[in-house]
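Have a look at the structure below, then the notes.
The values are calculated or read from the model by the stated rules, or taken from the named source; none is laboratory data. Just so you know, these numbers come straight off a predicted model, no measurement behind them. Here Cβ is always computed from backbone atoms with ideal geometry, including for glycine, and neighbour counts include all displayed protein chains.
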Amino acid sequence: MSTNSCDQPKQVRRIKPTRRSVSGVMPFRGAGGIPFESLLERDFLKRMRFSHRVSSVVAQPVRIDFIDPHGRPQTYTPDFLVYYHQGGHSHVDYIKPMLVEVKPAYLWREHWRAWSGKWKAARRYASEQGWSFSIYDESRIRGLPLENIIFLERFERMTFDREDIDMVLNTLQETEISPVHYLLARHFNGIYRERGVSLLWHLIATGRVECDITEPLDQFIELWVPHL
């Protein structure tokens, strides 16, 4: 099952600069920028941009009507809608698009009762659309995976010889999966080792090679060429 980009919702609320938080635009794989209005939203987008399974993200995607605890009509706009690559997977492995609210843990805990109505409405709306709904706080966004992604960003714009890149990719195609230390020993001995390490981090940062981003980035981490 695939998602037609023409059928995807468009941004329904414009994000304006605010003094209370940091806003900006995150470049997303050559498909233009995705606006955010907090550092936590920015970090969420970093996680989504790095994931090979994520195909696109829409900011402020839909308006959802609901009734607040005082009986007054209200409108709620979740932060993001995330779409996933489905490839040739069957319906059993289909990943539903995910409607997301990004909120610091202290805020959603403090306002849980007041906000539960709009979140119930979001879950109901998402279910009707064939989506899921999730709340993301620091525990789901930050930690070692984000630290790894931020570390890898410094290698993203580096340049390397095409021959060296093809050499590594061909080896990974042959072996299917290899640890960093094996690739370095095979292709980048002696004075070339440091350059080889940078090349491997560059390939991960640019999406040419994949790894388990929840693991430490060291010589033992295993790499492979992604297959969607």
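Points worth noting:
- Residue check: Leu203 meets all listed conditions (1) out of contact with any Lys or Arg (no Cβ under 9 Å at 6 or more places or on another chain); (2) in a helix (DSSP H, G or I); (3) surrounded by fewer than 16 Cβ atoms within 10 Å (Cβ to Cβ) but one, namely (3).
- Looking across segment 1-50, just one residue is at pLDDT 70 or above, over 15 Å from the mean Cα position of the chain (by Cα) and of a type in the set (Val, Ile, Thr), and that is Val22.
- For the residues His202, His181, the requirement of being under 30 Å from Met26 (Cβ atoms) and either among the acidic types (Asp, Glu) or free of Cβ contacts under 8 Å to residues at least 60 places away in the same chain (or both) singles out His202.
- Selected residue (only one of Arg47, Arg53, Arg109 is free of Cβ contacts under 8 Å to residues at least 60 places away in the same chain and charged (D, E, K, R)): Arg109
- Checked against (1) over 23 Å from the mean Cα position of the chain (by Cα); (2) more than 16 Å from Thr75 (Cα to Cα), Met98 meets all criteria but (1).
- Taking segment 122-133 as the range and being outside any helix (DSSP H, G or I), surrounded by 15 or more Cβ atoms within 10 Å (Cβ to Cβ) and of a type outside the set (Ser, Thr, Tyr) as the test, the residues that pass are Trp131, Phe133.
- The lone criterion from (1) modelled with pLDDT of 90 or more; (2) assigned to a helix (DSSP H, G or I); (3) not charged (D, E, K, R) left unmet by Val92 is number (1).
- Residue in segment 167-193 that is farthest from the chain's Cα centre (by Cα), counting only those that are surrounded by 11 or more Cβ atoms within 10 Å (Cβ to Cβ) and of a type in the set (D, E, K, R): Arg186
- Unmet requirement for Trp119, which otherwise passes all of (1) within 26 Å of Val82 (Cα to Cα); (2) outside any helix (DSSP H, G or I): (2)
- Residue identified as out of contact with any helix residue (DSSP H, G or I) (no Cβ under 7 Å at 6 or more places or on another chain) and either polar (S, T, N, Q) or at positive phi (or both) among Gly143, Gly117: Gly143
- Residue under evaluation Phe66, criteria (1) over 27 Å from Leu203 (Cα atoms); (2) touching a Phe, Trp or Tyr at 6+ places or on another chain (Cβ under 7 Å); (3) hydrophobic (A, V, I, L, M, F, W, C); (4) at pLDDT 95 or above, criterion not met: (4)
- Here is the figure for segment 142-166: residues that are among the charged types (D, E, K, R), surrounded by 13 or more Cβ atoms within 10 Å (Cβ to Cβ) and over 19 Å from Asp212 (Cβ atoms) total 1.
- Residues (more than 18 Å from Ser51 (Cβ to Cβ) and without any contact (Cβ under 8 Å) to a residue 60 or more places away in the chain) located in segment 205-228: Asp218, Gln219, Phe220
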